[in-house]
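Here the structure is laid out as structure tokens; the discussion comes afterwards.
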Amino acid sequence: MVGAGIVPTPRHPDASTRADLTAAFGAWADHADADGRTDFFGLQADVARGLVIDGEAFLHVLPGEDGPRLRLLPPELVDESLTREIGGGAVIVQGVEFDAEGRRVAYHVLPHRPHDQFANHAPPVRVPADEIIHVMKPLAAGQVRGVSWLAPVILSASDFDQLTDALLMGAKVAAMHSAFLVDLNGTGGEPYDGTGEGGILETGLEPGTMKRLPTGYDVKFNTPGQLTEIGSFLRLQLQQLAAGLGLPDHLLSGDLSNANYSSLRAGLLPFRQRVEQIQYGVLVPQFLAPIWRQVITYAVLSGDLAAPDFESAPRAYAAEWLPPAFMQVDPAKQVQADVAELEAGLTSRRKLVAQRGWSLEDLDAEIAADPRQTAPKQEAAE
């Protein structure tokens, strides 16, 4: 969903200002995590993971010496049990406070997880909404909290897990019984030493086990109708799980035995459309664009970034967010397609370079500094 990170590309018309914006945000991004575990792009991965597992992700925007810092909050810290009216038309719904006009104005955050060993059952703390970034994909109008993307398949996944466990146990038991010894007339001796009762040797089940039966006893195994095509049945179950998750089935099972270039591409196209919908419809407006505005505003107000027209033309300081390009089954064909789009004027070098996670200015500087790449151009010019 985010790959190595969704990178911003400033839209300012001045090249020098674009470079300053990129440098200012890049310097901040290295230390964006308030806990010091990762950088801004690592936090993007944490948010994407939270969207899938919990259906939502919360970030607390904290003041820092060099700009805002972000702390990832477990969703259970936002008190979902807190729902009540607070007067004047304002309400708290599942830990989120709304004013009389239905705008989110605050979040009520617990100091500890409810089941932490340090939990002291302290009441939640009211945190203004402009200090909380709440990322979720609503499924219906008026939805307040997110729903795990695993919810549609969780019961089916449990059934599949139990099925594979049962098949494995059946195979283990079948492999352990080697033979049963039947003394038809009770005249047989004791061929084995060991603990026994009534002439019956007591042994555990292990590979190659032979059990001796009492006189007159025979063994009849329960043989319920077994699935003759268990492999096909398991593949069908995995396909159902993948459909419920919105994934191509080969990404869930890892089975590429029946795949080819056309089938892989056909399966990935709708999945990529769904990923792009999440990137541009959820992550950018709810998380990435607000953080960009806060970071650039801080840099301007602190004097670290010269922006004389920031107040009069704030939109010029916005950024376009470009996710990394999807990995291609045939990279050579994709490069040919990129070149064709570039020559047809359907895209730009800046956008193509940003999709690879690079800065156009940095790439051009590296190419200019590499004599092996500049020499052919000089020879061609001569």
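The values are calculated or read from the model by the stated rules, or taken from the named source; none is laboratory data. Computed from a predicted model, the values in this text were never measured in an experiment. Virtual Cβ from ideal backbone geometry, glycine too; neighbours counted across all protein chains shown.
The table for this structure:
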read-out	value
Which listed residue, of A306, A313, is free of Cβ contacts under 8 Å to residues at least 24 places away in the same chain, closer than 29 Å to L59 by Cα and aliphatic (A, V, I, L, M)	A313
Q143 of a type outside the set (A, V, I, L, M) and either in a strand (DSSP E or B) or in contact with a strand residue (DSSP E or B) (Cβ under 9 Å, 6 or more places away or on another chain) (or both)	yes
Elements of type strands (runs of 3 or more DSSP E) in the range 54-93, at least 1 residues being touching a helix residue (DSSP H, G or I) at 6+ places or on another chain (Cβ under 9 Å) and surrounded by 17 or more Cβ atoms within 10 Å (Cβ to Cβ)	56-62, 69-73
Candidate set from the range 146-175 (those that are among the hydrophobic types (A, V, I, L, M, F, W, C) and assigned to a loop (DSSP other than H, G, I, E, B)); member that is farthest from the chain's Cα centre (by Cα)	V147
Any hit, the range 255-262, residues being closer than 30 Å to A57 by Cβ and of a type in the set (G, A, S)	no
Condition broken by W321, with the remaining ones in (1) at pLDDT 90 or above; (2) assigned to a loop (DSSP other than H, G, I, E, B) satisfied	(2)
Flag if T297 is free of Cβ contacts under 8 Å to residues at least 60 places away in the same chain, surrounded by fewer than 18 Cβ atoms within 10 Å (Cβ to Cβ), closer than 22 Å to L70 by Cα and polar (S, T, N, Q)	yes
Hits in the range 303-340 - residues which are among the acidic types (D, E) and over 15 Å from L21 (Cβ atoms)	E311, D330, D338
Residue among F310, F287 that alone is surrounded by 12 or more Cβ atoms within 10 Å (Cβ to Cβ), aromatic (F, W, Y), at pLDDT 95 or above and on the phi < 0 side of the Ramachandran plot	F287
Options A45, A23, A32; residue that is in the same structural domain as R272 (by TED's automatic domain parsing), hydrophobic (A, V, I, L, M, F, W, C), in contact (Cβ under 8 Å) with a residue 24 or more places away in the chain and farther than 30 Å from G244 by Cβ	A32
Residues (charged (D, E, K, R), more than 23 Å from S302 (Cβ to Cβ) and surrounded by 14 or more Cβ atoms within 10 Å (Cβ to Cβ)) located in the range 12-48	D46
Only one of R126, R145 that is modelled with pLDDT of 80 or more, exposed (fewer than 14 other Cβ atoms within 10 Å of the Cβ) and of a type in the set (K, R)	R126
Long-range neighbours under 7 Å by Cβ, at least six apart or interchain, first residue in contact (Cβ under 8 Å) with a residue 12 or more places away in the chain and closer than 14 Å to E320 by Cα within the range 330-353, second charged (D, E, K, R) and surrounded by 11 or more Cβ atoms within 10 Å (Cβ to Cβ)	L352/D338
Residues being closer than 26 Å to V2 by Cβ and small (G, A, S) - total across the range 225-262	7
Qualifying residue in the range 337-348 (condition: closer than 24 Å to F41 by Cα and in a helix (DSSP H, G or I))	no
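For (1) more than 26 Å from F41 (Cα to Cα); (2) in a helix (DSSP H, G or I); (3) basic (K, R); (4) in contact with a Lys or Arg (Cβ under 6 Å, 6 or more places away or on another chain), each residue gets a yes or a no:
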residue	(1), (2), (3), (4)
R235	yes, yes, yes, no
N258	yes, no, no, no
S263	yes, yes, no, no
G267	yes, yes, no, no
P270	no, yes, no, no
Y280	no, yes, no, no
